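Working notes, beginning with the structure itself.
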Protein chains: 2
Amino acid sequence: MTAEETRRRRSLASVRAQVEALLHADALAQAVHEAGTPGIAAPELDAALRGLVDALHPADFADLLETLPSEDRLVVWRASTGKRDGQVLLEVDDAVRAGLVADMDDVELLAAAAGLDPDEVADLIGELPAARGRRLLVGLTPEQRVRVQSALAWDEDQVGALMDFEMVTLREDVSLAVVLRYLRRFDALPSQTDKLFVVNDDGVLTGVLPLGRLLVHGPATSVREVMLTDVNTFQPEDDADQAAQAFERYDLVSAPVVDGAGRLVGRLTVDEIVDRIRAQSESARLSRAGLSGTEDIFAPVTRSVRNRWAWLAINLVTAFIASRVIGVFEGSIERLVALATLMPIVAGIGGNAGNQTITMIVRAMALDRLGARATRRLLRKELGVAVINGLLWGGVIGVVAGAIYASVPLGAVMTAAMTLNLLLAALMGVLIPTTMRRLGRDPALGSSVMITFVTDSGGFFIFLGLATLFLV
Amino acid sequence: MTAEETRRRRSLASVRAQVEALLHADALAQAVHEAGTPGIAAPELDAALRGLVDALHPADFADLLETLPSEDRLVVWRASTGKRDGQVLLEVDDAVRAGLVADMDDVELLAAAAGLDPDEVADLIGELPAARGRRLLVGLTPEQRVRVQSALAWDEDQVGALMDFEMVTLREDVSLAVVLRYLRRFDALPSQTDKLFVVNDDGVLTGVLPLGRLLVHGPATSVREVMLTDVNTFQPEDDADQAAQAFERYDLVSAPVVDGAGRLVGRLTVDEIVDRIRAQSESARLSRAGLSGTEDIFAPVTRSVRNRWAWLAINLVTAFIASRVIGVFEGSIERLVALATLMPIVAGIGGNAGNQTITMIVRAMALDRLGARATRRLLRKELGVAVINGLLWGGVIGVVAGAIYASVPLGAVMTAAMTLNLLLAALMGVLIPTTMRRLGRDPALGSSVMITFVTDSGGFFIFLGLATLFLV
């Protein structure tokens, strides 16, 4: 960590410590909690907190809020001066934002939105309860409202929802000297500006002028001579993930967004793309564990229960069905109790192997590397892997089980059941995601629950069925 | 998808179709496969392939190679002219790269490296077998070798391994007019240049001049007046993930890397950061399913078996231990076979709930949001969630089980066992990742296997133990 970084981190940590000290100094905390409305009750606390947090970068302030328990968080939030409240609201987690917004009245929310760009206001409205979002929209100036509404027209998975409107545009018939003079009239260029957009009289994009090219060519050169015409462009209705892949692939910093007629309507920037990539990988991770949204780790117990119940309910149903499969073979288990002991091994390893296959395939699909015709080839390979693993690990566990229960036939049934369940896992591990894709659904969602269900029920059925046929 | 994007995609798809058609045209394919050494046997095929792939962007060529089955892949690779081979090698998957490199001799590899920057050569060497990497290093020019070796000195998780050396530096006492004249002597600015670095006579970084500021200020202004001195800097030994978080948080496009004395030694760019974020989320996803590396979906069966065996072996051991827990209670199961049927439900739901807790905590840790003192508070919350879920879902399944087996005591034991196993899941779901972090290990690795082991063995023990005490 460099001196700079250390300084930043240390200052954030020290602000956090000071905030906590302020909040938990006995006398003050007492006053705050007794008064119930801390914003009014403890002006000197507010002033002290304000002094601390106003010096923070909005992202750092957001971080501080996220790490505080919810009651402390509101005290700090109410103390902040509010100039950058909009920015902070955009930076915090969904769960934290909901709490902060619920604590603000409409006037405060409008004041927070006033400091934001139209695309950011649209992002914020997208995160608000519908009624509050509508009231916020009504409070905007007419010009603001038009832009915000145009950004709101797009789904959050579309480029239109990620684009901003801070484009610097040029005509192609001017010289670079004119461009340089024109740029000096700005107070500052929009952040993440690595290229200027060249448009004709109809607003149609005809090329881009990267700042690097502007700077290395002589002032007498015309824009037309140095602009690039082979441009990565996007349309507002494009899929945001595909845009993110293009940014990654072609190392873009910004890119123009055009409408169907080629007219420039906005731009995409890499900071939005980075946020998107991170958010996507987060939500994939959470949804795999059945968490429906980001959960504030200090959320009230009831909210956590709500966030997690659906997944547990689904798993309860699948576990119950698998249990009924066992129920069919209760007669066999009564005669040979070792079956009850060994059956979870067959089911469990099948589930692990199936999840490996699915993870690999879903990844290949996300990277667009699995052609439609490849399914058969892939299936052959996965079945081959399953046979080897089944004979290998099934063999090991078969020998161990056979030794423990002094029964060669039991060991043989164990090995056979392991191999068959791994084959089932491979078959379904390929078919589940490919079928989901064919049906137009996201193969990353739910595949894991399904494969576990199949390998549990199937594993119990195969093992207990073989045992019933050959052992009891 | 815009016209531009559609054109790009269509051209890549069409190249792929043409390549496949060329390779599988019967006569040619015959010649290729009979000759065994396609590079020599079918010059007209090579020429046709070369014409197709040489027009592709390196990232697109890499994509094409990844989607081809391995034998076709080598034919296409041998046909390419090789000018951009280094770039392509950097873009492809580890598994694919290994195959391509194994097919190249040292001279070809050196030629491919010649088209790369020193930091890229270092990346490439990091991916090669050690002996080949050393031979490549020896083949470089002395100047190249020094820079490559300095990049190689860093671990792949350090900033030093991600940085490049393409900095444009200035002195602070010159005017912007001089800067503009100086920049015109370049053929092109390095990609991802959004700021110039200001250094003193000792090479110490004193500030940065964003291109945006250079362009909006008058030519007579001095660099000192407009440069920024509050700069996000990194050191080569910094953690790459923390650097990625800083890029995300402060919306950086490039940032200077300095040594302990503040001397400028390189720069970080957002394209490397984007690749890093993506690679990290990929490898986390793969490791959660126990895949030790990215696996080429068309890899030979034996390689897939090797990639997946360790995970299956670990799970086999944990499943075996859980099975021995059941073995202890075989007497009870013989007397009441319903226990065998119901026990997987208790174990399974415990595993799901434990994984939810762990996912949430690991995420909070990765985002640096879980203070050391928060553990107790978090534990209280998770135990609260467990009690509610246990009584709720345990109650539901207890009623159902009691009805199926016409036994109220059995239903009551089921509910009690579910609640206790969910409490165990919550306790271990908090303790496993926090303990791993305290021991300095990555809580994302292995937590899931451990919690599943605990909830399986624990669930069987709790349910069968309660049943033995109260039912049989």
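The values are calculated or read from the model by the stated rules, or taken from the named source; none is laboratory data. Here the structure is a predicted model, which means the values were calculated and not measured. Cβ coordinates were reconstructed from backbone atoms using ideal geometry, including for glycine residues, and neighbour counts include every protein chain displayed.
General remarks:
- B:GLY126 meets the stated requirement of being modelled with pLDDT under 85, closer than 22 Å to B:ASP93 by Cβ and either of a type outside the set (Ser, Thr, Tyr) or not in a helix (DSSP H, G or I) (or both).
- Of all the residues in the range A:57-73, those that are farther than 26 Å from B:TYR250 by Cβ and either over 26 Å from the mean Cα position of the chain (by Cα) or buried (at least 21 other Cβ atoms within 10 Å of the Cβ) (or both) number 1.
- The set of residues in the range B:375-390 that are of a type in the set (D, E, K, R) and either free of Cβ contacts under 8 Å to residues at least 40 places away in the same chain or outside the structural domain of B:ALA416 (by TED's automatic domain parsing) (or both) comprises B:ARG376, B:ARG377, B:ARG380, B:LYS381.
- The range A:424-472, subset in a helix (DSSP H, G or I) and basic (Lys, Arg), residue nearest to the other protein chains (Cβ to nearest Cβ): A:ARG437
- Residue that is farthest from the chain's Cα centre (by Cα), among those in the range A:35-56 that are assigned to a helix (DSSP H, G or I), at pLDDT 75 or above and under 18 Å from A:MET104 (Cβ atoms): A:ASP46
- Where a residue in the range B:251-265 is more than 10 Å from chain A (Cβ to nearest Cβ) and its partner, wherever it lies, is surrounded by fewer than 18 Cβ atoms within 10 Å (Cβ to Cβ) and among the aliphatic types (A, V, I, L, M), with Cβ under 8 Å and at least six apart: B:ALA261/B:VAL204; B:ARG263/B:VAL204; B:LEU264/B:VAL204
- Residues of the range B:314-341 classified as of a type outside the set (Gly, Ala, Ser) and without any contact (Cβ under 8 Å) to a residue 60 or more places away in the chain, total: 8
- Flag for B:PHE463 being under 41 Å from the mean Cα position of the chain (by Cα) and in contact (Cβ under 8 Å) with a residue 12 or more places away in the chain: yes
- Residues being in a helix (DSSP H, G or I), at pLDDT 90 or above and facing chain B (nearest Cβ under 9 Å) - total across the range A:212-245: 7
- Test: B:ASP106 is over 22 Å from A:LEU252 (Cα atoms), acidic (Asp, Glu), touching a Gly at 6+ places or on another chain (Cβ under 8 Å) and not assigned by TED's automatic domain parsing to the domain that holds B:THR269: yes
- Meets criteria (of a type outside the set (Lys, Arg) and free of Cβ contacts under 8 Å to residues at least 12 places away in the same chain) for A:VAL204: no
- Scope the range A:361-381; condition touching a helix residue (DSSP H, G or I) at 6+ places or on another chain (Cβ under 8 Å), more than 9 Å from chain B (Cβ to nearest Cβ) and not hydroxyl-bearing (Ser, Thr, Tyr); matching residues: A:MET365, A:LEU379
- A:ALA188 vs. criteria farther than 20 Å from B:TYR182 by Cβ and assigned to a helix (DSSP H, G or I): no
- Residue count for the range B:455-472, restricted to those that are at pLDDT below 95 and either farther than 20 Å from B:ILE333 by Cα or among the aromatic types (Phe, Trp, Tyr) (or both): 1
- Any chance A:ARG369 is assigned by TED's automatic domain parsing to the domain that holds A:THR455, under 24 Å from A:ILE432 (Cα atoms), without any contact (Cβ under 8 Å) to a residue 40 or more places away in the chain and not in a helix (DSSP H, G or I): yes
- Long-range neighbours under 9 Å by Cβ, at least six apart or interchain, first residue over 18 Å from B:LEU183 (Cβ atoms) and surrounded by fewer than 16 Cβ atoms within 10 Å (Cβ to Cβ) within the range B:220-238, second among the hydroxyl-bearing types (Ser, Thr, Tyr) and at pLDDT 95 or above: B:THR229/B:THR206
- Evaluation of A:ARG184 against the conditions (1) within 13 Å of chain B (Cβ to nearest Cβ); (2) charged (D, E, K, R); (3) within 21 Å of A:LEU90 (Cα to Cα) shows that the sole unmet condition is (3).
- Applying the criterion of being more than 7 Å from chain A (Cβ to nearest Cβ) and among the charged types (D, E, K, R) to the residues of the range B:294-309, the residue that is nearest to B:ASP164 (Cα to Cα) is B:ASP296.
- The listed residues are B:LEU312, B:LEU291, B:LEU342, and the only one of them that is within 7 Å of chain A (Cβ to nearest Cβ), of a type outside the set (Phe, Trp, Tyr), within 30 Å of B:PRO69 (Cα to Cα) and touching a Ser or Thr at 6+ places or on another chain (Cβ under 8 Å) turns out to be B:LEU291.
- Residues of the range B:259-312 classified as among the acidic types (Asp, Glu), closer than 28 Å to A:VAL270 by Cβ and either modelled with pLDDT under 90 or under 20 Å from the mean Cα position of the chain (by Cα) (or both), total: 4
- Test result for B:ARG363, closer than 28 Å to A:ILE349 by Cα and part of a helix (DSSP H, G or I): yes
- Among (1) under 30 Å from B:VAL198 (Cβ atoms); (2) touching a residue at least 40 places away in the same chain (Cβ under 8 Å); (3) under 18 Å from the mean Cα position of the chain (by Cα) - the single one B:PHE165 does not satisfy: (3)
- Taken together, the criteria place B:ARG97 among residues that are touching an Asp or Glu at 6+ places or on another chain (Cβ under 7 Å) and either more than 18 Å from B:LEU56 (Cα to Cα) or of a type in the set (Lys, Arg) (or both).
- No other residue among B:ALA59, B:ALA95 is within 14 Å of chain A (Cβ to nearest Cβ), modelled with pLDDT under 85, in a helix (DSSP H, G or I) and within 22 Å of B:THR302 (Cβ to Cβ) apart from B:ALA95.
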